[in-house]
1. May I ask you to order A:339-350, B:53-64 by the average number of other C-beta atoms within 10 Å around their residues, highest value first?
2. Is there a simple number for the mean count of other chain Cβ atoms within 10 Å of the Cβ of residues in A:352-358, and what is it?
3. Which distance in nm do the two modelled labels at residue B:207 and residue B:321 give, with both placed 7 Å along the Cα-to-Cβ direction?
4. Answer with one residue from B:204, B:320, B:280: the one whose Cα lies farthest towards the positive end of the charge dipole of region B:196-343, charges on Cβ with Lys, Arg +1 and Asp, Glu -1.
5. What distance in nm separates the two pseudo spin-label positions at residue B:147 and residue A:55, each 7 Å out from Cα along the beta-carbon direction?
6. Could you give the length gained on full extension between residue A:201 and residue A:378, defined as 0.36 nm per residue of separation minus the Cα-Cα distance, in nm?
7. Order by neighbour count: A:110, B:171, A:228, fewest other Cβ atoms within 10 Å first, most last.
8. Rounded to the nearest 0.05, what FRET efficiency do residue A:445 and residue A:321 have when you use their Cβ-Cβ distance and R0 = 41 Å?
Amino acid sequence: MTDLLRIEGISKSYPGVKANDDVSFTIGAGRIHALLGENGAGKSTLVKMIYGLVRPDNGRMEMRGAPYQPSEPRAARGMGVAMVFQHFSLFNALSVAENVALGMDNPPAMRDLARRIREVSEGYGLPLDPTRIVGDLSAGERQRIEILRCLLQDPKLLIMDEPTSVLTPQEVMILFGTLRQLAAEGTSILYISHKLEEIRSLCGDATILRHGKVVGSCNPRATSARAMAELMVGATLRAPARGASTPGKAALEVSDLTLPATHPFGTTLRGINMTVRQGEVFGIGGVAGNGQDELLLALSGEVRSAAGAVRVLGKPVGDRDVNSRRRAGLVTAPEERLGHAAVPEMSLTENALLSGAVRKGLARRGFIDWNAAQGWAAEIIAAFDVRTRGTATPAGALSGGNLQKFVIGREILQKPAVIIVNQPTWGVDAAAAAFIRQALLDLAAEGAAVVVISQDIDEILEIADSFAALNEGRLSPPRPVAGLTLDQIGLMLGGAHGTQPAEPDALHSAHLASEQEDPHVPT
Amino acid sequence: MFRLEKRPEPSRLWTWGTPVLAVVATMIVGGLLFAAMGKDPLLAIRAIFWDPLFGPNASYFRPQLLVKAGPLILIAIGLSFGFRAAIWNIGAEGQYIIGALAGAGVALAAYPAENPLIFPAMVVAGALGGFLWGLIPALLRVRFGTNEILVSLMLVYVAENILSYMAHGPMKNPQGYGFPGSRNLQQYPSAHNAEVIAGTGLHWGVLTALAAVVLGYVLLNRHLFGFQIRVAGQAPRAARFAGINPNRLAALCLGGSGALAGLAGIFEVSGPGGQITDAFNVGYGFTAIIVAFLGRLHPFGILLAGLLMALTYIGGETAQLVVGLPAAAIQAFQGMLLFFLLAFDLLTHYRIRRRRITA
């Protein structure tokens, strides 16, 4: 096997975070190579450096033995590197051929291009009519355009960033057929994903990143999904930062919550059951797009369900609107800070009013008490150490971490009976993340039921009492975090439905087993 | 070279400076247009902006200013609420017509009885007519996901046909010698929307418009409804998070702006207009869209914009008489105003920087 691309000791730092730290690996010619890791592990930064979008601080890359230092994507393309991004950059109003032409450095005449598109797309089993308007195409067909753009440049290395996240299972099968054909013809593919079973069926090699470092490499076909999940998540299980509390009565009960997807790429929630007691922190893990957003909307009241599907302190609220649920004691903090949890153009006072009007009594007979609202905003800013010039600052002018502190603080300070947070520390610096986690723990200690939806397994293990995994809209049965092993987490995340909670003794022994050295971790 | 740089926050100065700049630019480019047509630009501009207020016949034109500005302001206040919430009612002209028909219908049914309750009943009927006509696009939007811009606009033409049918049919004056058009409500004391102070142009519709300005300001700045409207327009997902029901909001905005347009219609037909004819509507409902944006969707801004727009209407007529400008040139002049306003709006969100040329 000859090497196509060698990466040696690549590092890249951004202010406050080391995105890549001494990363080395090799992609063989004609191989499908997986790059695995959780969100924030440094996968995107690494491929951006390969594609010439970002320059590494240290380290070197070699393409077929010659030094490779692309200064811009055009240079990378010139060396035979092509990339299909997770988010498409297509113009809906233009035809397929026009979109392809726009993405090429030297587009041929439109008639020749249309002919080439037909030839290549049919040759690779991705039929596409060059005259169709992009706005009429499905997500899978749009992705084909992006792939075709790359194939027309005759790439030696094709980088694919989470290509299956928008595809139906049938489209995934077609895509995999194409990728295998490409590899058989000698094109190398760098395949980025965190879907383990996909990688096992498609890829011949895998490099696993965690916190910017290579933590292992393996042959996915010969390695279990569980073992790869362990490498992704990290071999150490951190104990929760606080002692076991005695949970009170059930504060949030969800029973058989089933909701159809509201939009084409949404996830259907299927028979979700969970009970969260007062004082309990309930962690929900899972890969993005498995129903996290839908679950939050169903719990917050933005999407309604059957009355009995959601109960707060025993009271059925499933058919009630957002503010009725707030009155009943349930508050939420959505994942998307700007545009959902806060209005970017509006001041912090106005944003404090957004969700606080009901529980804080900031309006009387519909008339807003702006003084009270401003005082309430100032209270949040002071209590949660939000760095800002004052309550008149627009929310959009705050940094991500500060706005997240404001958003979480706004909900916590309402003294809710139940709080549900989605990705509470996503894109937030370490200090702010620690602050937010501690605030959630403190709220639980005061007797609130806390639900943390997060893709960060470490975060859930750090603060949660119970853990359940969300997979394709289904929630696994919860397990106590104390004594939970990475094997079990891996299985739960991978969607092994219907596994029964093991006996405490068995949990304990399995935990010990997982702490033994893993053969796939390089020394 | 110059380049545009996004401002971190919208500029307060330019938010209010652009309308002034737009008026000045309209005067300059409009003047050039008039000059190209062989007319004296200074004379034309003077005829439009100066003569109606301070010219020799100003005593005739000044009351006309209020008569024209009243319906514009009333309709624009209603539209501005929907526009802030990104709900686009383009059909105020139709709601204006239906309001006038509903109110006039009450009056004509009661004729010739004299009762002090007739006029209030007409006003309520006018508001209700506009409200229901505005609710049609709202219901279609909520129920079937139709586009309210198209539906409300097309309903204008439906309303115009109903107007024409009424003027030639059911509402035709039986003592009108066969001419189309209803009885003249100005000659029916119980139904006449007379001037509150004679000779000023100040009729009940103008007072209602002024009340709508104050009420709109309070609603927008002190009431949860105004807050919800602003949230819905700026961040629809955050609006749902805040517990705002988008369907209810769409119905309130379209129905509410329809009701105000209907009010404008009934005050017009019972006052300055006098009778239902097939030429009753003169485009207040469309011009109010310009007024709403010219006034920055702000109630007091709309008040000023409505007066300015009325001035160009009246001044346009004097310019036609004095300078001999064609009506189309006046309409182009009014369109320029909106065009320049939208163009200069760029300065609110961007600043112009000189690009350093790097070697």
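What follows draws every value from the coordinates through simple rules; no lab data is involved. Keep in mind that what you see is a predicted model, and the values were worked out from it rather than measured. So basically every Cβ, Gly included, is an ideal-geometry build from the backbone, and we count neighbours across all protein chains shown.
1. Details: A:339-350: 22.8, B:53-64: 13.6.
Going by the mean number of other Cβ atoms within 10 Å, highest first, we get A:339-350, B:53-64.
2. Working: counts 0, 4, 10, 4, 1, 5, 2.
Other-chain Cβ atoms within 10 Å of each residue's Cβ, averaged: 4.
3. 3.0 nm
4. In region B:196-343, that residue is B:204.
5. Each label point is offset 7 Å from its Cα along the Cβ direction, giving 4.7 nm.
6. 58.3 nm
7. On the way: A:110 14, B:171 20, A:228 25.
Going from least to most buried by this count: A:110, B:171, A:228.
8. Calculated value: 0.85.
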